[in-house]
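To start, the structure itself, in structure tokens.
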Amino acid sequence: MRYVTLTRVLTALTILLCAGCGHSSQPLRIGYSDWPGWVAWEVAIEKGWFAEAGVDVQFEWFDYVASMDAFAAGQLDAVAMTNGDTLVTGASGRRAVMLLLNDFSNGNDMIVASPGIEDIAGLKGKRVGVEIGFVGHLLLLQALESAGLTEKDVELVNVPTNETPLVLSSGGVDAIVAWQPNSSQALAALPGSKAIFTSADVPGLIYDTLAVAPESLATRKQDWQRIVEVWYRIVDYLEDPAQREDALEIMAARVGLSGEQYATFMGGTQFLSRAEAQARMLGEGDGLGTLLGSTRLAHQFNRSYGVYDAEFDPAGFVDASFYR
């Protein structure tokens with residue numbers, strides 16, 4: 001009897017001691033979607049690098065908003081999200097902390113306008129299709145502000161991002177906000193259309209991250225550390241001229257394109273080296289050059305335009321512990 005009791009005590013102690021050691025019978029579940037900075041995870045999946053790193057992980061493919069809904073419903077341990085959308089998800093549902101900084105959008109997010117609209121000022125009085133409350137909405141607000149306009153100067157039409165090319169080409173709206181590949185599809189679908197504003201005009205406005213449930217980070221920190229290390233193996237592979245073509249072929253296959261086609265998306269995604277990400281993760285300035293500064297701006301916009309009413313410190317959504 002004493003032996004059984006002692007065994008139970010030792011088992012319980014082992015569980016407690018290993019709570020943060022990274023070992024679990026369940027794989028970590030990560031939601032990702034169609035954005036170059038997240039499709040890049042496919043390189044490690046294809047090559048078995050997670051198994052080599054000793055981490056059990058299951059990546060699940062979604063449409064972007066569906067991935068956030070799955071995370072909010074507790075179906076995922078982490079999800080690939082922009083910094084602004086991490087706030088939206090946390091304010092209205094399940095909280096996450098941005099643990100890894102993949103990239104920032106440097107042109108792939110676009111406002112695409114119908115023929116005859118030459119600039120943002122030309123949107124006054126026009127109908128703009130955008131997924132209201134998410135990252136494209138923030139880009140649109142920033143663009144309007146740059147031209148001395150506000151949201152009241154346009155008519156917003158709530159359009160899922162993957163539907164924007166069809167809505168624009170059919171004449172349902174005068175302009176749309178979308179990211180790759182939808183932005184390029186919109187340009188191709190409507191001859192004479194043009195990008196009148198892109199994320200390259202505000203580099204650092206949209207950071208792309210891996211956002212993790214705090215409870216998962218607390219209990220499986222070593223596993224998350226291994227995942228971060230695998231990410232920088234991916235970045236090194238992408239930056240190696242001898243391996244880049246192979247990486248592009250793997251990424252392209254995930255979304256049904258050729259490597260040559262997919263290469264056109266890469267210039268608008270600024271992948272960050274570990275050192276570059278470290279500077280932006282640890283920086284505390286208010287500008288777009290730091291994750292925290294950009295996230296504070298997103299919070300300000302979200303509250304100003306009624307995306308959510310909650311007030312909180314955006315710093316609570318950033319965990320830079322693996323960059324220190």
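Kindly rank 98-104, 180-186 from highest to lowest mean number of other beta carbons found within 10 Å of each residue.
Descending mean neighbour count gives 98-104, 180-186.
I'd like the distance between the alpha-carbon centres of the range 24-94 and the range 225-295, rounded to an integer number of Å.
Rounded to whole Å, the Cα centres lie 15 Å apart.
Once phi is turned into ³J(HN,Hα) by the Karplus curve 6.51 cos²θ - 1.76 cosθ + 1.60 with θ = phi - 60°, what whole-Hz value does each residue of the range 98-105 show in order, with x for glycine and proline?
Once rounded to whole Hz, the list reads 7, 9, 9, 9, 7, 5, 10, 6.
Mind checking which of Val228, Leu140, Ala73 is farthest towards the positive end of the chain's charge dipole, using Cβ charges of +1 (Lys, Arg) and -1 (Asp, Glu) about the Cα centre?
Value: Ala73.
Charges only on Cβ, +1 for Lys and Arg, -1 for Asp and Glu: so what's the dipole of the chain about the Cα centre, in debye to the nearest 20?
960
Using mean Cβ contacts within 10 Å as the protection proxy, how do 141-151, 293-303, 201-211 order, highest first?
Per-residue mean Cβ counts within 10 Å order the peptides as 201-211, 293-303, 141-151.
Quantify, in whole percent, the carbon and sulfur part of the accessible surface of the chain (1.4 Å probe; protein heavy atoms only).
The value for the chain is 51 percent carbon and sulfur by accessible area.
Please give the contour-minus-distance gain from Ala188 to Ala200: 0.36 nm per residue of separation, less the Cα-Cα distance, rounded to one decimal in nm.
2.3 nm
Excluding same-chain residues fewer than 8 positions from Lys152, which lysines have a Cα within less than 20 Å of its Cα?
Lys124, Lys126
Given a 1.4 angstrom probe, what's the average accessible area per residue across the range 139-260, in square angstrom?
In whole numbers, the range 139-260 has 42 Å² accessible per residue.
Work out, step by step, the length gained on full extension between Gln243 and Ala147: first 0.36 nm times the residue separation, then minus their alpha carbon distance; give nm to one decimal.
Length gained between Gln243 and Ala147: 30.3 nm.
What does the accessible area per residue of the range 48-129 come to in Å², with a 1.4 Å probe and no ligands, DNA or RNA counted?
33
Based on the inverse mean of 1/r over its pairs of different Cα atoms, what is the Kirkwood hydrodynamic radius of the range 215-292, in Å?
Value: 14.7 Å, from the Cα pair sum.
How much mean residue ellipticity at 222 nm does the chain get from its helices, if each DSSP H run of length 4 or more adds -39500 (n - 2.57) and you divide by all residues, to the nearest 500 deg cm²/dmol?
That comes out to -13500 deg cm²/dmol.
What's the extension gain from Leu156 to Glu276 if we count 0.36 nm per residue and subtract their Cα-Cα distance?
39.6 nm
Can you tell me the 0 to 90 degree angle between the C-alpha axis of helix 83-92 and the longest principal axis of the chain, rounded to 10?
Once rounded, one gets 70 degrees.
Output the peptides 108-119, 226-237, 79-90 sorted from most to least packed, where packing is the average of other Cβ atoms within 10 Å over each peptide's residues.
79-90, 108-119, 226-237
The values are calculated or read from the model by the stated rules, or taken from the named source; none is laboratory data. Treat the numbers as computed from the prediction; the structure is a model and nothing was measured. Cβ coordinates were reconstructed from backbone atoms using ideal geometry, including for glycine residues, and neighbour counts include every protein chain displayed. The accessibility values were calculated without ligands, DNA or RNA, using every heavy atom of the protein model including side chains. Shrake-Rupley method; radii C 1.70, N 1.55, O 1.52, S 1.80 Å.
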